[in-house]
Each structure stands twice: as C-alpha cells, then as structure tokens.
Amino acid sequence: MATHALEDALNIIELLRKKYYMGVSELSKELKLNKNKVFRIIATLELKGIVELDKEIGKYKLGMNLIKLEHAYIKSLDFLGLAKPVIKNLRKKIDETVYIATAHKKDVIYIYEEPARKSVIVNSRLALRYRADKTAAGKVLKRAKKEVGFIIEKLSNEEILEIATIVRDEFYHPVAAVSVVAPSHRVDLDKEETIKDSLISSAEEITELLAPAFSLD
C-alpha cells in the first residue's frame, strides 16, 4: 500500500510540473483516483511544503520545498564548484547580479547567485522556477540544443534587463546558462556590450575548466 501511495504522490507532482495548477477534482480525473485519496495525498504533500494551495484560484501548485530539494541536488554537481570562482570574478568586473541557471522541461531554475553590491538591486531569482520562454537564460538554453558556440540572448523591459549565454561541457553539450540581471536604467549600450563580452569570456573559461586534463607523461 505504501508503494502505491508513493507512486500516486509522484504522479501528482509530475502532473503539477506539466499543468502548473490543478484542483483535487482535476487530479482525481487525470489519475483515475478517488477524490478522497487524492485529497489525503495532497494534504501530506502540502504539510511537507512539496505542494501549496493558491487561494486565489483554489488550485494546487508545486511548493518551495520541492524547488529547494532540486536546488540542493543541482548545487552538488561538479560544474557548479568549478564555475563559482569564475562567476564571482564576473560579478566583480561588471558589478551586477550574475546567475547560473539550468533547464527543467519547459522551465528554467536559477541555482546560483552572485548579487550586485549596489543599493538598487532586482529581486533575487535564486532557487526560483520560471517559464523558459520568459527569461533570457531559458531562451539561450533552448537555442543551445540546436546551435553551436556561445550564443547570447537578451530580454528587457522598462525595469529589468537580462542577458545570458550558455555554458558547455567538455563535449560542448549545453549544461547551464550564465546570465546577468540588472535594472534597465543602469545598462547603457556600452555597458551592454561589456556584459556580453564578459559573459562569453566567462562561459568559455568555465567550459575549459570542465574539460578533462590530458597529460603526455
């Protein structure tokens, strides 16, 4: 019985990943489960912070604790340890907030942050999930599956500017995005070009660090 309950709970989480918001009745119909059973599972997941109720629409969505678990897992990956010093140097050079982000299905999750040391900063994206097509980091990750090189994506509005490029592994497969997020008013054309050049240089440096070292000895 416990195995079936766990499987049902994982199916609920997977559905919420795909649909973003679902009610108990919708989950019950989709999974072909009794409503009372779905409600009991949801109540347990909610207690643990894995899902949460959006009171405005009366439907459930994934909770912050699940995203934190994803963040903890991704944080343990080798590339992040190698990338951190490079990201810190990039932040010092441009003095704006720098992120590392990774893709998950149709979303992007910001897994590491080096914040700007300025009085006016944008809201942190650390450990948050966004639709990939709504961020420069997400767009560059999608493009990198089909295109080669250290490509650049930019998204901006009156308040926020994000510029991103791709990090590739030793086989040049895309593994993450590096992005700079700043208030739009603080980035003129000259600074934008500096950010783009610095992003690409940093991404190339991380890729070189990921490449295995060969010795002829």
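Quick notes on this structure:
- Contour minus Cα-Cα distance for Leu82 and Asp197 (0.36 nm per residue): 39.4 nm
- Summary of the geometry: segment 82-156 and segment 188-203, compared by the centres of their Cα atoms, lie 13 Å apart.
- Counted charge near Ile151, where neighbours are those whose Cβ lies closer than 14 Å (Asp, Glu -1; Lys, Arg +1): +4
- The calculated FRET efficiency for Ala5 paired with Asn89, based on their beta-carbon distance and R0 = 45 Å, is about 0.40.
- With both labels modelled 7 Å from their Cα along Cα-to-Cβ, the Tyr130 to Ala211 distance reads 3.1 nm.
- Annotation: amide H of Tyr21 has no partner in the under-5 Å range at sequence separation 5 or more or interchain, hydrogens built in the peptide plane.
- Membrane-span-like helices in the chain, defined here as complete DSSP H runs extending at least 24 Å along the helix axis by their C-alpha atoms with mean Kyte-Doolittle hydropathy no lower than -1.0, are 2-19, 78-94, 189-210; this is a sequence and geometry rule, not a statement about a membrane.
- Top of Ala43, Ala101, Ala177 by mean-square fluctuation, Gaussian network on the chain, Cα under 10 Å: Ala43
- For segment 148-170, backbone nitrogen atoms closer than 15 Å to the point 7 Å from His185 Cα along Cα-to-C-beta are found at 157-161.
- Zero-based 10 Å bins, Cα pair distances in the chain, whole percents: 8, 30, 28, 19, 12, 3, 0
- Around the amide H of Ile151, modelled in the peptide plane, lie the amide H atoms of Ile166, all under 5 Å away and 5 or more residues distant in sequence or on another chain.
- Between Leu53 and Val120, the modelled label-to-label distance comes to 4.1 nm, taking each label 7 Å out from Cα in the direction of the beta carbon.
- Pair His104, Asn36: separation of 7 Å Cα→Cβ label points (nm): 3.3
- For segment 145-214, GluC sites (Glu not before Pro) are listed when DSSP marks them as loop and at most 13 other Cβ atoms sit within 10 Å of their Cβ; the list is Glu147, Glu158, Glu159, Glu170.
- Dipole magnitude for the chain: about 980 debye, using +1 per Lys or Arg Cβ and -1 per Asp or Glu Cβ, origin at the Cα centre.
- Over the residues of the chain, the helix contribution to mean residue ellipticity at 222 nm works out to -14500 deg cm²/dmol, using -39500 (n - 2.57) for each DSSP H run of at least 4.
- Residue-count net charge about Pro115 - beta-carbon cut-off 15 Å; Lys, Arg +1, Asp, Glu -1: +4
- Environment charge of Arg125, counting only residues whose C-beta is closer than 11 Å and scoring Lys/Arg +1, Asp/Glu -1: -1
A short reminder: the numbers here are calculations on the coordinates, not readings from a lab. Here the structure is a predicted model, which is why all the values come from computation and not from measurement. Neighbour counts are summed over all protein chains in view; Cβ atoms, including those assigned to glycine, are modelled from backbone coordinates with ideal geometry.
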